[in-house]
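Every number in this text was worked out from the coordinates using simple rules, so none of it is lab data. Remember, it's a predicted structure, so these values are computed and weren't measured experimentally. Here the Cβ is made from the backbone with ideal geometry for all residues, glycine too, and neighbour counts use every protein chain on show.
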Amino acid sequence: MIGAIAGDIIGSVFEWNNYKGTDFELFHSNTDFTDDSVLTVATAQVLLEGGGYTEAYQKYSQDYPGRGYGGNFATWIYDESPQPYNSWGNGSAMRVSPVGFYCNSLEEVLIEAEKSASVTHNHPEGIKGAQATALAIYLARTGHSKDAIRESITNLFGYNLNRTCDQIRPIYQFNESCQETVPEAIIAFLESSDFESAIRMGISLGGDSDTLACITGGIAQAYYKEIPEIIIHKVNSLLPVEFKNTIHQFNHKCGINYK
């Protein structure tokens, strides 16, 4: 899941300052992790130790406040009786990458992705976005080709993955929905040639840049199985010790290597 976190961190400075090109500096002085990373680590913690997604998402969000949580979610964090609020936002997809690395069958991936989404994002599009992201990661890490990934996601979820980044980029605007974030993030991965180019491609689309790159980064890590050392080093330097410990435990549990 470090690939998803790297995408979030690199994309963090572009969310409200889109840059529709790929020739940008990867890290800036104010680059930092956002809610995408916080909740990704929370998802991994549930998979490692059990417990409920509701409790984990509330605890991690309360422990790491001010990280860009959406309006409804920001209220939900502190609700004493939290209930799903029928969201179709891309928050369900941005936090789901550990599911794709952890689960060992298509059916298990879809079930667990729905569990992680539905505590908040119980709208069909919110669930679909999480499932599509997690399944793309699962297929990528289990050796499926890009064509096979494109076909599977299209057939199961109906996303239009036959567009190109060059077609999307000129007209794409900020959008927090799953249905207009997840397909674009997958397309960015499909057009990439390695991990770094995937991140650059995702951010270059504009829109909700950190979440786009977070989704793209998780799939790219699973597919390429290699992340430049300079990216890993910088990402680790920005993360709390608690996050790094969870990532290490998760990688060990799942047999994940990315060097």
For SER197 and LYS115, what is the calculated FRET efficiency with R₀ set at 51 Å and r taken between the beta-carbons, to the nearest 0.05?
0.95
Calculate, in nm to one decimal, what SER81 and ASP166 gain on full extension: separation in residues at 0.36 nm each, minus their alpha carbon distance.
26.1 nm
How many lysine pairs are close in the chain, with Cα atoms under 28 Å apart and the two 8 or more places apart or on different chains?
29
Length-normalised contact order of the chain in % [C-alpha pairs under 8 Å, at least 6 apart]
29
Per DSSP H run of n ≥ 4, the term is -39500 (n - 2.57); total these for the chain, divide by its residue number, and report the mean residue ellipticity at 222 nm rounded to 500 deg cm²/dmol.
-18500 deg cm²/dmol
Which of the GluC sites (Glu not before Pro) across segment 75-164 are loop residues per DSSP, with 10 or fewer other Cβ within 10 Å?
GLU80
Here are a few candidate values for mean projected area of the Cα convex hull in nm²: (i) 42.5; (ii) 11.9; (iii) 14.1. Which one was actually calculated from the structure I just gave you?
(ii)
What spacing in nm lies between the two simple spin-label points modelled at TYR19 and ALA74, each 7 Å away from Cα in the Cβ direction?
2.6
For GLU151 paired with HIS252, estimate the spin-label separation in nm (one decimal), with each label point 7 Å from Cα along the Cα-to-Cβ line.
4.0
Write out the GluC sites (Glu not before Pro) in segment 1-76 meeting two conditions: DSSP loop, and at most 10 other Cβ atoms within 10 Å of their Cβ.
GLU25
Per its Cα gyration tensor (rounded if a/c is under 1.5, else prolate when a/b beats b/c, else oblate), segment 66-110 is best filed as prolate
With +1 assigned to the C-beta of every Lys and Arg and -1 to the C-beta of every Asp and Glu, and no other charges, what is the dipole magnitude of segment 109-259 about the Cα centre in debye, to the nearest 20?
360
Can you give the charge dipole size of segment 154-205 about its Cα centre, rounded to the nearest 20 debye, using +1 on the beta carbon of Lys and Arg and -1 on the beta carbon of Asp and Glu?
100
